[in-house]
Structures are given as structure tokens and as C-alpha cells.
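The values are calculated or read from the model by the stated rules, or taken from the named source; none is laboratory data. Quantities reported herein were computed from a predicted structural model and do not represent experimental measurements. Using ideal geometry, Cβ is built from the backbone for each residue, glycine included, and neighbour counts are taken over all protein chains shown. Just so you know, the surface numbers come from the protein's heavy atoms only, side chains and all, with ligands and any DNA or RNA stripped out. Shrake-Rupley method; radii C 1.70, N 1.55, O 1.52, S 1.80 Å.
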2 protein chains.
Amino acid sequence: MCTTMKLKAKLLNIQAGGRRIAIIDEETAAFLGVHSSDRVRISHKDRQIIAIVNIASGFPRNQIGFYTEISKMLGIKDGEKVEVQHAYIPESLSYVQEKIHGERLDETKIKAIVKDVVEHHLSDAEIAAFVTALHIRGISLDEIEALSRAMVETGCTLSLDKKQILDKHSIGGIPGDKTTILVVPIVAAAGFTIPKTSSRAVTSPAGTADRVENLCPVNLTIEEITEVVNKTNGCMVWGGALELAPADDLFIQVEYSLGIDPLLLPSILSKKKAIGATHVVIDIPTGRGAKIKTIGEAHVLARDFIALGKNLDINIQCAVTFGEQPLGYAVGPGLEAKEALETIMGNGPRDLREKATDLAGILFEMMGIKEGKREAEKIISSGKAERKLREIIEAQGGNPKIKPEEIRIGDKCAEVTAEKDGYVLWINNQHVAQVAREAGAPKEKGAGIKLKAKLGEHVSKNGVLFEIYAERDTKLEAALQLAKKLRPFGIGRKWEEQMLIDRIPTKVAHHKAFSIER
Amino acid sequence: MCTTMKLKAKLLNIQAGGRRIAIIDEETAAFLGVHSSDRVRISHKDRQIIAIVNIASGFPRNQIGFYTEISKMLGIKDGEKVEVQHAYIPESLSYVQEKIHGERLDETKIKAIVKDVVEHHLSDAEIAAFVTALHIRGISLDEIEALSRAMVETGCTLSLDKKQILDKHSIGGIPGDKTTILVVPIVAAAGFTIPKTSSRAVTSPAGTADRVENLCPVNLTIEEITEVVNKTNGCMVWGGALELAPADDLFIQVEYSLGIDPLLLPSILSKKKAIGATHVVIDIPTGRGAKIKTIGEAHVLARDFIALGKNLDINIQCAVTFGEQPLGYAVGPGLEAKEALETIMGNGPRDLREKATDLAGILFEMMGIKEGKREAEKIISSGKAERKLREIIEAQGGNPKIKPEEIRIGDKCAEVTAEKDGYVLWINNQHVAQVAREAGAPKEKGAGIKLKAKLGEHVSKNGVLFEIYAERDTKLEAALQLAKKLRPFGIGRKWEEQMLIDRIPTKVAHHKAFSIER
């Protein structure tokens, strides 16, 4: 029964990042009785949609501006007329308000919210209010479960005809963590199904998808993934375009800058549930410079993962791993792919091999195999893991015969050396990541860092701490400058000889290089 | 030390509602290491600005899209190159995070937040998170004071050369409340200064600015206002374009749909402070169907207003007024202006005249006049108030000789009648407002409602309850249909004869017709 206006569509030919936004001028808004961020119902022929209003002064009167999302949904051409009226606010917004007021939400209400997030009926501001309220008021385990299920239901799923589906996830934060490229082949070689989806780097120097892309294509459809997994038991693909839990991306978008992440658990577990995982090992790298700083915090997080997994019928075990320095020596997509390949061929850094067999071993023991780590070790030593990796590479469309030296590494190289004699006392993960990014990673796949010393090792004055690789001279120079400024390595005497850790006040730079990877 | 890219500017020629938004595609974002809603620093010749990033898939690579706000600030032409790099998050965002974590913010931090809101360095989502945190965590009186001051400092102010400046404010919600049109002339006629700014209707059938516009122009500049007030002691102008506390509009924009309003007090008082008010009477209409439902709630709100006023050096008194039905008989811009003019000429509804003299009387008593209400009455009866109103009308550029019958009322009229004999037991304010809007108010100034019966009056079956006025037949018909559906009047036996008020469950319609007017 609200005022209806006929307005002329003005197509803007820009995407609004999925948002359903319509632009009108102030007078039109007053006439319709809508505020900025109110909703309007737009009708065109037999189609109707709800859009969120942005009010722009100076926008032509009697027109309504549509971003691409809306014009596509309406199937409308520039200049055609639409009927517009004030639409009541979505029911889910009243549930957001309930959460703000401190109430617990039941499954029906949570589903309504997640559905309206995915269908873009809630604005960024409303989603941010919801996430803030979740953070401040807290989420019960029931709510987390309902959120996880709702995020699965509003997305695509992978349906493999298997009773048991294994998976591995790391909460991230450790440069050079290429463990997945070893764990997937080890587990698949043992006959278990492990359809691994991974992310690309946004603020880190390399995501697993960026690493694997040096070996084979990672941008597969659900159908292609099914085929690869049916053939090889495993896959290593990019999850970004699969829409496994699209609500998650929308939540991350608003909460990222707020530094809160109340949806961490539902976010991760909904994606595991969406691929049908029944047994999951979750890696929680822990330590100063990791996302989780103490073993106590790691245990709290692990307990929640396990409890939530039970409710979602996912058997979960967590691995708290050492996260105080990069894993292996290589950081950057190409360098890491090379190191992973070398390691699976029997010739790589100890820590990477240890961690991969630890995680694969945990999965094996969850499947009833005794001494899982030893089994994982055997699968590497026997060459079975390497053969399986090459099988997966081939199935995904890569060259199964690829040699480590064929992976392209940037041909510009510079060394960063120690300013004094001593021991490597700490390595700043974030600074390593920043230098690698400055060198061009992840976009320039050959760019990155190769460590020449790790924690506890002795270095001489002018000894090489790490090498920077780049594809372009300007990038190499910029990375070198940044390395000299940041000094990612702490060199000093042994702790017996030196007790002072830090002096306060220290200038704390305000920079967040990582978000929790999901 | 972040990655810098040269990108080609693509001007979108659309306003983003003041927001500073730049659009880039996903790959460019990954290269720069920015998430959606991260900031970038954009440099063009000698100008630099910070913008918030929207990531749009399919946006041309190596281009950056600018809304009008940004292209104007950079003074850039389509196709010119800019340098773009990831910018660190604004310091104020860490204060928003502190509030989310439950800390109290000091004045410096609150100023930083308000400044970044006004300068569009914080996104809608971040502002929403702040407002949600304020609502859940609570605001101390110190924080409210700091917010009020910061909102004044980031806006324009009116500087009149007067020791005492009076003002009147209503928190709104009552259709037909045209009290301001009487209070301003009464107070100004007594020799006091009262530079009144008002809002236009967004969701109500008429704001004071919409009403006054039937008598004279209301869209004055700060300089014109100063001139009018120096000449006549008073004014009645639209405050919307004066930028008195621009942060407020930005806060309202995000909090409106959330149904929370933690900034109500700073919002109102910053605007009073910005015009230099020293003595303010605040009208709190109270009752079922008003915004404040009980006298207890009204007292709590009043106490906060008074305490905050003290801190801001504003002497405040509050009037809790009867808010269970529209004020007077007229609802709609033209009808209300006419009724106000008639009343000040000595021939209007009792409740309007009572309320106007009550409020003016309180201001008089604050200024040391004994029996303020009687003084206000005298000023009306003597014709001084009318003469002052005509003086103000003339000074603002209107016709000082305007007669009530010259105010244009819609010539389409329909009656809504009682379905049975009985007493008017209740009148639903929101439904009255909705019907008046459906008839065309506030945009069609002649549209509205004229009540023919009020609370407690006896009506016969088929007796007229109210008339609907419209400028167009279609609008009249739509309003009539809505009136028949909503039935804004409750007719029944006296309460002695009928005890049952309501039966539950009742279907509660989800509609918010008012926001608190500021």
C-alpha cells in the first residue's frame, strides 16, 4: 500500500561487488519515503526484486540507477521504465536486532539471516552490525552449528560417492607452509579420498592454490573435481569460485577491517561440510608471530573445533604445530612448489617433511591405522607419494613429468646478510611475508624468498640470511630496501648470554598482514 | 613501502552518497594486497587521497573506477593515470575496535572517529560496527559529551552576537505537530532570540520545514539566517543543508535500519550547540503510539538531556506532553500551515494553543519571567505573536499578508466515516501518517488529513471521522483504500463498558513509520 513511482532505468554498467544497490536522488527518496539503505521493490514486466537504496544528490530525477547485478536480474535495458515502491525491511533484520539486544537466535532465525546475506538483502552495515553483535554478545555452540549448516545450505556442495572423506586445514599465518602439497598425495596414495580445496593469497605471499598452480591448473569446476577425485582419490584445487559457502566471503568482507572474527569456526567448518568431509585434521600453528600465540589459546580453539565437528558429524582432530618461523626455506609460489616437489621426491627440508607426515599420520590414525606417522613416512620413502602427486597433476591437466628445476624462479636475485656474528634468535613471519610480496609474490610467481638460516643456527657477520628472488629489477630493489628496513631476522647471543627481550615503549606498527585463512 | 601500481582512472560520473569509493578488479586487488573495504592511497599530480576499495569482478584490469566525490577531489580526467598503493588503516579504526572490546573512549579518540566519519575514511560497515558497539556496550556521559562536541567541531556553526539564544526541539512522532510555528513567534515577540532550524519529512507526512514552506522560503544560508534573526529575533528554516553536524546524518544512515539509536542525545544536542543555543526546551511526546511509551521512560530521557546539557553549557528543560493522538486537526504540509496560521490569529484548536504556550512558557520561565504560560497566552491574544510571525515570513522572503484561505489545499476530498456508534477510544498515529502520505504528503503540499473527531468524542454511525485531501484523484483513491484497510480510529464503548483491550496473538505488522526526529 506504499507510494509507487514509475522511474526510468539508468544502467551504470558497473558491478557493485554482488550488492543489489539502486541509486535515486533525494527528492525521489522523500517521495517514496525511503532513507538511504532502506529497501525498494522494483518491478519490471514479470520480474520483481528487492534492492537497497543509495541516495545520491544530483542524480537525475525520475530515474533509478542500476548496477550490473540488478540490471541482469531484471533483464532490463537502459531507459526502460520500472515501478518502484518502498519495501518493508526483511524479517531477518529483526533477528539481527534481536542479536544486538543480546538474545540467542534459533536455527530458523540464523538461516533467515544467512539466506538474506547471500541474496544481498542485507547491507554491509547490517552485516557488520550482526558480526559486531556476535562478537560482543558471544555465540553459543548451537548458534555456531546453525550458522555452519546455513552457510552450507546456501552454497554449492560436492557429492562424492564415498563413505569417508578426509580433509586437512590450516588456520594459516606461516609463510612457506606448503604442507598440503605433501599431505594430499600421501593420504590419497593410502587409498583414502581427500578432495582438497584451497584459497589464493590476498595478503600473504602465496596461498596453496597459488603454489599448486606451478604444477597444474587449479581452477576446476565441481564436475571436473569429481572426475579427478574419482580417478586419483585426491585433488588440490582453488575453492574460490566454487561457491561452497558464499556467505562466508560476505561476512569476511565486512569483518576483516574490524579485526574481529566471530565466524571463524562456522566459516571453516561449513566449507569442510560442503565437500562432504567426515574426518578432518586442523593445523593450528602456534607461537609468537603466528596467529595463535600460546598453547593455551590453541587448546581452547581446538576444543571448540572438536565440539562443533561432533555436532556437524565431522570427526575432527587438531594439531598444534610450531609456528615461530617460516616452514622450510622457500617462500613464494614458484619457490614453494619447487621445494614441495623436491621434498616429496625425498630431498627437502626436515621440518616440512615432519609436519606433512605428522598431519597425514593423524588422519591415518583417525582411520584406524596404527603408527600413522610411520605409515606416512613409508609412503614418501617408497616413492608412492610422488607417484600419486604426479597422477593428480596429470588429472588436473598439468605435466606429470615436471622436474623441480623446470619450475620458473625469478632470475633476479639478491642476498641479505647478517650485520653481526651470532645466532638466529627470531624470524618475523610477517616481515618475511612483506618482503616476499614486495619482490612480486604472489602475482609474479617466480618471486619470493629463500631462507639460508633458521632459528637457532649460527651465522657469521656478512653471512647470507636469505636470498630474494624477483622477476623484475625494480621489484628486487624495492624488496631489498624493505628487507633492510624491516630486518626480519633477529641475530644475537644465546639466551643464556642475553636476558632482555624488548624495551617498552616500542613503536608498534599498525599493520595486519594476515587474516585467518579459511 | 607497499606495492605501487599505475592505474588508469575511469570516471563513473555517479555520486556515492559522499562515500570515497574506488573500484578495482580482483587481480589488481590481489596485486596490491587489498581486501574489499581496505584503503588505498591514490596520488595524482600533487593531490593525494585515501579511498575505500570495492572489488568488482569484471572491472577492466589496470583501471580504477572513481565516483564523482573522488574525481572532483583529485581534479582528474577520464583516462589519466594515478598511482595507487595499499594504505594503512586509519588510526580511528583501532578506537572503533577498542569500543567493540568494551573500552571507554576518551575525547581524543572520539574526535578521531567522528572526524574520520565526516571525512569518509570509515566505511558504512565500520560506522555500523561502532554504533552497534555503542549500543551494546553503552555510552558514558563523558563519551556522549565528547561525541556532541566532536559533532559540532566537524560541522558549520551559527555565530549570533547574543548572550542568550533560545531553542525548542521535539523528539517527534506526533502527526500534525506544528507547535514550532507558534512557539518561535511567541518567543521572538517577547524579545528573545530563537534561530530555529528544522528538518523535512522523510517518513512522516510533514516536517516543520515542509509546513513553513507554505508561508515562506526555508532554504536559507547561514548568512541569510543571521540577517533574518538580527532583524526579527527568530527564524524557521530548513537545517538540512547547513551542515550543522554532518556526522549525524552519516550515523543515522547506518543505524536507521538497525532500529538502534545510541547517538540520539549527541545528535540533537550537537545541532543545538552548533547554533549557539543557551536555553532549550525539549518536547517529549509520550504515550501509546508515540516514540516514548511511558512517563517513566520520558523521565529517564529527560534526566539524560538535562545532565548532558549541563556539561555542554546548555540550560535544558524537558516537557513531557500527551502524545496519544495527532495534534490539532490538520495533518499534511498545507493543512498544518493553515491551521497554525489560524491558531496564531486566535482561531485554532485548543490542544495546539495549549502546547505552544506551555513550551513557550517554559522558555520564558527559564529566562526569569514568572508565569511564563500566561505571558505566552498574552502574546497570542494581543496579536503580537501573529505580527511577529508575519515579520519573520517577510524577512525570509514570503508574503507577510498571507491569509489562511490562501494556502493551497488539495481540491480532491473524501470522507472516512464511522462504522458504528460509539466513542473514539484510540487514534493510531502511525496509521494517520501513512494515510496522509498515501494521499501525497509531504511532496504534494496540499495533501493530508483533517480530523473531524478526537479522543473521547462521541461519533454516530456513518458520522465523519476524518477527511482526506489530495491533489490527484488516484492518490485520493489510494489513501481512501488504505484508510479502510488500516482503520486508524478505534470506536467503541466507554472503558467502563468494555475491559478487553487486545487479544494475543495479534498479527504485528513489521513497519517503522518514524525515526526519532533530530
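Other residues lying with their Cβ under 12 Å from the Cβ of A:ASP142 contribute a combined charge of -1, Lys and Arg counting +1, Asp and Glu -1.
Measure nothing but the geometry: give the 0 to 90° angle between the long axis through the Cα atoms of B:222-232 and the longest principal axis through the Cα atoms of chain B, rounded to 10°. Computed tilt is about 30 degrees. Taking only the C-alpha atoms of segment B:367-434, Rg followed by Dmax gives 19.5, 51 Å. Among the protein heavy atoms, those of A:PHE322 account for about 130 Å² of accessible surface (1.4 Å probe, every chain in place). For segment B:194-275, evaluate the Debye formula with one uniform point scatterer on each Cα (no solvent term) and list log10 I(q)/I(0) at q = 0.20 Å⁻¹, rounded to two decimals. Here log10 of I(q) over I(0) equals -0.97. The mean number of partner chain beta-carbon atoms within 10 angstrom of a residue's beta-carbon across peptide B:46-57 is 2. Other residues lying with their Cβ under 10 Å from the Cβ of B:ILE275 contribute a combined charge of +3, Lys and Arg counting +1, Asp and Glu -1. A compact globular protein would have a Cα radius of gyration near 2.2 N^0.38 Å; the ratio found for segment B:224-365 is 1.15. Remark on segment A:146-285: ratio of C-alpha radius of gyration to 2.2 N^0.38 Å is 1.00.
Evaluated on segment A:1-129, the Kirkwood hydrodynamic radius is 15.1 Å, with distances taken between all distinct Cα atoms. A label point on A:GLU405, set 7 Å along the Cα-to-Cβ line, lies at 10.7 nm from each of its counterparts in the other copies, closest listed first.
Principal axis extents of the C-alpha atoms in segment A:321-377 (largest first, rounded to whole Å): 36, 26, 16.
Normalised by 2.2 N^0.38 Å, where N is the number of residues, the C-alpha radius of gyration of segment B:281-372 stands at 1.21. The antiparallel fraction among DSSP beta bridges confined to segment B:16-162 stands at about 75%.
Packing here is the average count of other Cβ atoms within 10 Å per residue, and on that basis the peptides B:267-278, A:119-130, highest first, run A:119-130, B:267-278. Convex hull volume of the Cα atoms of chain A, normalised per residue: 183 Å³.
Mean projection of the Cα convex hull over all viewing directions, computed for segment A:315-470: 10.8 nm².
Based on DSSP H segments of at least four residues, each scored -39500 (n - 2.57), the protein assembly as shown has a per-residue ellipticity at 222 nm of -12000 deg cm²/dmol.
With Rh defined as the Kirkwood radius, the inverse of the mean 1/r over Cα pairs, the Rg/Rh of segment A:272-334 is 1.07. Distance between the C-alpha centers of segment B:26-99 and segment A:1-75? Whole Å please. If you average the Cα positions of each part, the centres end up 25 Å apart. Please determine, in degrees from 0 to 90 and to the nearest 10, the orientation of helix A:333-344 with respect to the longest principal axis defined by the Cα atoms of chain A, where the helix direction is its Cα long axis. Taking the Cα atoms of chain A, the angle to A:333-344 is about 50 degrees.
Distances between equivalent label points of A:ASN311 across the copies, with each point positioned 7 Å along Cα→Cβ, amount to 4.0 nm, shortest listed first. Percent of C-alpha pairs per 10 Å bin in segment B:75-180, short distances first: 12, 31, 25, 22, 9, 2.
Sorted largest first, the principal axis extents computed over the alpha-carbon atoms of segment A:8-66 equal 25, 23, 20 Å. Ranking of A:THR357, A:THR226 by solvent-accessible surface, largest first: A:THR226, A:THR357 (1.4 Å probe, protein heavy atoms only, all chains present). Loop-located GluC sites (Glu not before Pro) in segment B:1-83 (DSSP state other than H, G, I, E, B) with a sparse environment of at most 16 neighbouring Cβ atoms within 10 Å: B:GLU80. Sorting the segments A:455-462, A:16-23, A:313-320, B:166-173 by their mean number of nearby beta carbons within 10 angstrom, highest to lowest, gives B:166-173, A:16-23, A:313-320, A:455-462. Counting charges near A:ILE393 (Lys, Arg +1; Asp, Glu -1) among other residues having Cβ under 13 Å from its Cβ returns a value of +2.
Across segment A:157-216, how large is the tail of the calculated P(r) beyond 13 Å, expressed as a percent of all Cα pairs? Pairs farther apart than 13 Å: 64 percent.
If the cut-off is a Cα-Cα distance under 14 Å, which aspartates and glutamates reach A:LYS10, setting aside same-chain residues fewer than 8 apart in sequence? A:LYS10 reaches A:ASP25, A:GLU69, A:ASP78, A:GLU80, A:GLU83. Take A:LEU141, move 7 Å from Cα toward the beta carbon, and the resulting point lies 4.5 nm from the same point in each other copy, nearest first. Per-residue mean of foreign Cβ neighbours for B:9-17 is 4 (Cβ atoms of other chains, 10 Å radius).
Residues whose amide H lies under 5 Å from that of B:ASN219, counting only those 5 or more places away or on a different chain, are B:TRP238; hydrogens are built 1.01 Å from N in the peptide plane.
Residues whose amide H comes within less than 5 Å of that of A:ALA319, counting only those at least five positions distant or on another chain, are A:ILE282, A:ASP283, A:ILE284 (H built at 1.01 Å from N in the peptide plane). In a reduced charge model with +1 at each Lys and Arg Cβ and -1 at each Asp and Glu Cβ, segment B:95-218 shows a dipole moment near 500 debye about its Cα centre. For segment A:382-494, the alpha-carbon coordinates run over 49, 37, 21 Å along the three principal axes, in decreasing order. Based on protein heavy atoms only, the protein assembly as shown ends up with 40 Å² per residue of surface accessible to a 1.4 Å probe.
Taking the Cα atoms of segment A:263-304, the ratio Rg/Rh between the radius of gyration and the Kirkwood radius comes to 1.03. Diffusion coefficient of the protein assembly as shown by Stokes-Einstein, Kirkwood radius over Cα pairs, 25 °C, 0.890 mPa s: 77 µm²/s. Strictly over 25 Å apart at the Cα level, which of B:LYS231/B:LYS272; B:LYS45/B:LYS111; A:LYS273/A:LYS450; A:LYS271/B:LYS99; A:LYS168/A:LYS378; A:LYS231/A:LYS272 would you flag in this model? Where the Cα-Cα span goes over 25 Å, the pairs concerned are B:LYS45/B:LYS111; A:LYS273/A:LYS450; A:LYS271/B:LYS99.
Too long at a 20 Å Cα-Cα cut-off: which of B:LYS115/B:LYS163; B:LYS109/B:LYS291; A:LYS338/A:LYS445; A:LYS338/A:LYS461; A:LYS8/A:LYS115? Among B:LYS115/B:LYS163; B:LYS109/B:LYS291; A:LYS338/A:LYS445; A:LYS338/A:LYS461; A:LYS8/A:LYS115, the Cα-Cα distance tops 20 Å for B:LYS115/B:LYS163; B:LYS109/B:LYS291; A:LYS338/A:LYS461; A:LYS8/A:LYS115. Across peptide B:195-207, the average count of Cβ atoms from other chains found within 10 Å of a residue's Cβ is 2.
Quick one: Debye curve from the C-alpha atoms of segment A:59-114, no solvent, what's log10 I(q)/I(0) at q = 0.17 Å⁻¹? Debye output, listed in q order: -0.73.
Protection proxy ranking of A:288-296, A:179-187, A:193-201, by the mean of other Cβ atoms within 10 Å over each peptide's residues and highest first, is A:179-187, A:193-201, A:288-296.
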